[in-house]
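These notes concern the structure reproduced below.
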Amino acid sequence: MSSTAPDTAPSGHIPGTRRPPVPSGIPSRALLDGLRRAAPALAAFVSVHVAGLLFLAVWAHRRGHGVWPMLATEWDSRWYLGIAEHGYAHELGVAFDHNNLAFFPLYPLLVKAVAVVTPGSRAGTGLGIAVLASLVAAWGVFAVGERLAGRQAGILLTTLWAALPVSLVQWMGYTESLFTLFAAWTLYAVLDERWLWAAAGACLAGLTRPTGIAVAAAVSVAALLSLRRRFSGRALAAALLAPAGWCGYLGWVGLRLGRWDGYFAVQRMWHNELDGGHETLRRLRQLFGQVSRPELFLIVVTLTMLVSVVLFALSVWDRQPLPLLVFTGVLLVIVLCSGGVYFPRARFLLPGFPLLLPVAVHLSRASRRYRALVLATAVAGSAYCGAYMLLVWPSAP
């Protein structure tokens, strides 16, 4: 951020970043110190989600619904569990509901591997992985926020990320938590110019979600630009290896289906192609032009997208480090220019936590009263939207 970071950076660092205090000694000591600094942020993250779950449980009880199936076995969770159980389809087929190749492999592979050595069902394993990943992701979100704007801003950034309107997905059998884990720690590694760690994180992100290409782009662009200051074999390797996970899965799908455009053919079957934003604009005109009251969840999705665009502009104005801008910029382009289904787009933007950094910095400078009011409103809104998303909205989150 321009107002909190130095104009010039120490040797070996990307301008616009600051180093958090790192203790000397063995790595485990540094790890424990980092966890100690992140403890308030993690406590806030858990508190926000527990509040949301309690609200969901009360509402679900009144409607006669069980909470467990909604969190662990419905919608996309069912697809991932199916992949963990039976593997991927061998042919394109004629209907999207028989083709699971649109779903990236790392999460279902983890579910399958961990379920072998843990008791309980694969659904329980998948939910456990998602919750654990969300905690490590929250730590990464805090670490990035602390590095760029200080500890208080890092805590607020983590709290705001936990209180997004559809953040309940972070504790469901979905991939958003795992993807944000890799995105956050990869961006942190890029800010510290730990290029091989960044490349590894980008590869794992690319095996987790289609938007993993946004993480790869952030690493590759930052690594290539660093070569202008001085040559580094590690930076060059990172720039080349960062997209390997994403490209590897697309290549594997092509080989499995026997056609070079296999993955894109799968996406066309799911009606999910980039169209330059035509479908997004059509849905916006439809939503704002209809006479009857629009569906609440679609309003939430629309506002999330529009606010995200504004926050990206603020991030550019605040001169966030380029890797963060590349990540959120590519993520926004993919979501806004998609011709696919409209209603999951707020969920697709969940990993874009750097967009919240301008708000976190603003709140860190505000009065305690104002800060408490904003956070309480965000937490209450998140709890209501999450429960509404699962109990009232008739389709997938």
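Since every read-out is calculated from the coordinates, none of them should be taken as a lab result. It should be emphasised that the depicted structure is a prediction, and the values quoted were computed from it without experimental measurement. Backbone-built Cβ (ideal geometry, glycine too); neighbour counts: all protein chains shown.
What to note about this one:
- A straight chain from HIS90 to TRP68 at 0.36 nm per residue would run longer than the Cα-Cα distance by 4.8 nm.
- Among LEU336, LEU284, LEU53, residue whose mean-square fluctuation peaks in a GNM of the chain (springs only between Cα atoms under 10 Å): LEU284
- With neighbours defined as other Cβ atoms within 10 Å of a residue's Cβ, the residues SER364, SER47, SER395 order from fewest to most as SER395, SER47, SER364.
- 10 Å Cβ shell holding at most 12 others, DSSP loop, trypsin sites (Lys or Arg not before Pro): longest site-free stretch of the chain: 1-227
- Segment 335-357 and segment 190-255 have Cα centres spaced 21 Å apart.
- Cut-off 16 Å, label 7 Å out along Cα→Cβ of SER395, residues of segment 95-133 by amide N: 96-97
- Loop-located chymotrypsin sites (Phe, Trp or Tyr not before Pro) in segment 230-320 whose Cβ has at most 16 other Cβ within 10 Å (DSSP): PHE231, TRP260, TRP270
- Full-extension gain in nm, ALA376 to VAL310, via 0.36 nm per residue minus C-alpha separation: 21.5 nm
- Stretchable slack from THR118 to LEU255, in nm (0.36 nm times residue separation minus alpha-carbon distance): 46.0 nm
- Residue exposure proxy: PHE55, PHE353, ordered by other Cβ atoms within 10 angstrom of their Cβ from fewest to most, comes out as PHE55, PHE353.
- When shorter helices are ignored and each DSSP H run of at least 4 residues is given -39500 (n - 2.57), the per-residue value for the chain at 222 nm works out to -22000 deg cm²/dmol.
- When the chain is treated as a GNM with alpha-carbon contacts under 10 Å, the residue of PRO294, PRO351, PRO108 showing the greatest mean-square fluctuation is PRO294.
- Counted charge near ARG365, where neighbours are those whose Cβ lies closer than 15 Å (Asp, Glu -1; Lys, Arg +1): +3
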